[in-house]
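Student: This is the structure, below, for whatever I ask next.
The values are calculated or read from the model by the stated rules, or taken from the named source; none is laboratory data. Model, not experiment: these values are computed from the prediction. Backbone-built Cβ (ideal geometry, glycine too); neighbour counts: all protein chains shown. Side chains are part of the model used for accessible areas, which takes the heavy atoms of the whole protein and leaves out ligands, DNA and RNA. Shrake-Rupley method; radii C 1.70, N 1.55, O 1.52, S 1.80 Å.
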Amino acid sequence: MPAEPTPALLPQAASWLSRRSWSAADRPVRTLLEAKRRTGHTVSVVLPALDEEATVGDIVRTIRRELMERLPLVDELVVVDSGSADATAAVAAEAGARVEHRDAILPRLPAAPGKGEVLWRSLLVTHGDIVCFVDADLREFDPAFVSGIVGPLLTEPDIQLVKAMYDRPLEVSVSGSTAGDGAVVPSGGGRVTELVARPLLNLHWPELAGFVQPLGGEYAARRSLLERLPFPTGYGVELGLLVDALEIAGLDALAQVDVGVRHHRHQDSQALGRMAATIYRTALERLDRTHRLKASADLVRPLLTQFTRDPETRAFTAHTHPVTALERPPMHTVPEYAKRRTDG
């Protein structure tokens, strides 16, 4: 029998992939500085951090040294600590970041757990026209993770949001944990991306199928876009922002930049399961909101049950976790934010 034809990307996605995918080397930092001077845009870098004392200092020092002191590309470097039990805040401050504490931002509203909550609140304590988010658990940090994704926002007036793309090796110890001291699977990272996020996007938002790292924590956007987007408070924030940015700004306003290799701490399988469930529910909320999915309340049970074996009894114990769907409203609707913008 003749072989079946190889499936192709949606033409719109294929066209986008060729026009809106760049390398960090395509825009030398000196070019970015000239664009920054010409446009007058300011740049804020935000690191959401929870118990990241081992890595946050190196990231802050690199950004401050390379992109603030040697080359004045970044105007504001903020670490938002979300309740760390270790010395994350002290290490970040000593390295040269301004440290803000999640619970002290918008104190009238009790903070919800989750990365998205921290990113949402960070808009209240930063001022840049362009906001760049960088995860605080990166190792061997390259300043191109900032300059690369900020670049298109400085040089291309139609671009609204830029995601980093990179290789994501999975580093596995001899014992089987992902401790980073043993074998390396070159493309083994991003397991939730490959098993959950990419299938969801390809099936329901095929225009976004060209994104290499849709769940990556390194991305930059114009404040004027971010303040109009709802922020899922948990692990679903990256998928939610990407889908909502597509709806508000359109595909051509989105882009991605190759910044090399991302080394970071890997989570265990149960943490990944909770992440996957949250991302799936975030997608369902958007499908329902846009009437692309017929759903009723009883069709979604927002709980995830996982099992662990007791080392003494050898019995399996069930642990049930809520799959959160709390979202914060677009920041421009928050009175404190509007007042701050009015006060200048």
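Student: Can you pull the Kirkwood radius for the chain, inverse mean 1/r over Cα pairs, to one decimal in Å? Could the numbers behind the result be given before it?
Tutor: Working: mean 1/r = 0.0474 Å⁻¹.
It is 21.1 Å.
Student: Moving on. Name the shape class, rounded, prolate or oblate, that the alpha-carbon gyration tensor gives for region 1-87, where a ≥ b ≥ c are the square roots of its eigenvalues, rounded holds for a/c under 1.5, and otherwise prolate holds if a/b is larger than b/c and oblate otherwise.
Tutor: On the way: a/c = 3.18, a/b = 1.55, b/c = 2.05.
Oblate, since a/c reaches 1.5 and b/c is not below a/b.
Student: Give the percent of DSSP beta bridges with both residues in the chain that are antiparallel, rounded to the nearest 5. Let's see the in-between values first.
Tutor: On the way: 21 of 44 bridges.
Around 50 percent antiparallel, to the nearest 5.
Student: So, in the chain, how many Lys pairs have Cα atoms under 28 Å apart, if the pair is 8 or more places apart or on different chains?
Tutor: Lysine pairs satisfying the spacing and distance rule in the chain number 4.
Student: Okay, next question. Using a 1.4 angstrom probe on heavy atoms only, work out the carbon and sulfur share of the accessible area of the chain in %. Let's see the in-between values first.
Tutor: Working: 8880 of 16150 Å².
C and S fraction of accessible area: 55 percent.
Student: While we're on this one: Taking 51 Å as R0, compute the FRET efficiency from the Cβ-Cβ separation of Thr333 and Glu312 and round it to 0.05.
Tutor: Numbers: r = 52 Å, r/R0 = 1.03.
For Thr333 and Glu312, the calculated efficiency is 0.45.
Student: Taking the C-alpha atoms of region 81-137, how large are the radius of gyration and the largest Cα-Cα span, Dmax, in Å?
Tutor: Gyration radius and largest Cα-Cα distance of region 81-137: 11.5, 32 Å.
Student: While we're looking at this one, here's another question. Using unit Cβ charges (K, R positive; D, E negative) and no other charged atoms, how large, in debye to the nearest 20, is the dipole of region 1-151 about its Cα centre? Let's see the in-between values first.
Tutor: On the way: 17 positive and 22 negative charges, 160 e Å.
Dipole magnitude for region 1-151 comes out near 760 debye.
Student: Related question: When Lys and Arg each count +1 and Asp and Glu each count -1, what net charge do the other residues less than 12 Å away from Asp86, Cβ to Cβ, add up to? Can you show the working numbers first?
Tutor: Working: positive: none; negative: Asp51, Glu52, Glu53, Asp81.
That sum, taken over residues with Cβ under 12 Å, equals -4.
Student: Still on this structure: Which whole-number value in Å² is the accessible area per residue of the chain, probe 1.4 Å?
Tutor: On the way: 16150 Å² over 344 residues.
I get 47 Å² per residue for this part.
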